[in-house]
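The next block holds one structure in the form of structure tokens; read it before the comments.
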Amino acid sequence: MPPKNWDKEIWGDLSQIDVTQYAMRKGTRGFNPLYIPWSVVHHILMDKYAGHYTRTDHPLEILPDGTGLVKVTVEIRGVEKTAMLAVMNHKFEAIQADARNTADAYQRAFVKATGLFGLGISLWITGEGEPVTLDAKSVKVAYSDAKDSLFALIGQIEDDTTSTIDADVLALARALLEDKTKPTQRILDATEYIQSQL
């Protein structure tokens, strides 16, 4: 009998947990993504893996400009995931590493490390900080819709003789439509940028 693939099993377990009921935001303006409190993450891991889960906070690394990097390793059933994160303020900007912000950064890195196991990953998969359904059909539809919108926008601009959109911008947008990696978020960003220039 082959050895158990704990990495796959843990991902299967944690990525299926609906954490939207716990998701929170710090404020109401600007870039304000969803997050899961570290206490919720710890509770879930203890509930599922008590005795088979550990967390290691590595020493703070101070960079030449005084900002800092933290690193946290989470180990579940012998599988380790490590996340690194800058010490940041509420605007997600790297800052001087004081005690309070460093402590917060360790908790964020802990949550990020568990995200590498699958817990809460659906909150951030789009880059927008909004919950998404990750079934294959919805991912395919999201890509198709984004691609169709950008294609239509490019056609509209090419038909408009008064358009001031730079040809290089349109060339980059066309290249995204041909990108085999199906970069849905980059296509959405390109569409938003071009629309803002009209």
Report summary line: In degrees rounded to 10, the 0-90 angle between helix 99-115 Cα long axis and the longest Cα principal axis of the chain is 80
Report task. May I ask you to list the aspartates and glutamates whose Cα is less than 15 Å away from that of residue 81, ignoring any residue fewer than eight positions away on the same chain? Result -> 7, 9, 57
Requested in this report: Pop the C-beta distance of residue 148 and residue 17 into the FRET formula with R0 = 45 Å and round what comes out to the nearest 0.05.
Outcome: 0.85
Query raised in the report: Mind checking the angle between helix 184-197 and the chain's longest principal axis? C-alpha axes, 0 to 90 degrees, to the nearest 10.
Result: 50
Report task. Enumerate the calculated ³J(HN,Hα) couplings along the range 143-157 in order (Karplus 6.51 cos²θ - 1.76 cosθ + 1.60, θ = phi - 60°), each rounded to whole Hz, writing x wherever the residue is Gly or Pro. Result -> 5, 4, 5, 5, 5, 4, 5, 5, 4, 5, 5, 4, x, 4, 5
Query raised in the report: Which of the residue pairs 71/91; 48/147; 48/71 have a Cα-Cα distance greater than 30 Å in the structure shown?
Result: 48/147
Report summary line: Yeah, the range 1-117 with a ≥ b ≥ c from its alpha-carbon gyration tensor (a/c under 1.5 is rounded, else prolate when a/b outruns b/c, oblate otherwise) is oblate
**Report entry** Extension reserve of the residue 52-residue 75 stretch, reckoned as 0.36 nm per residue once the Cα distance is removed
**Finding:** 7.5 nm
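Each reported figure results from applying straightforward, stated rules to the coordinates on display, with no laboratory input. Everything numeric in this text was worked out from a predicted model, so none of it was measured. Note: ideal-geometry Cβ built from the backbone for every residue, glycine included; neighbour counts use all protein chains shown.
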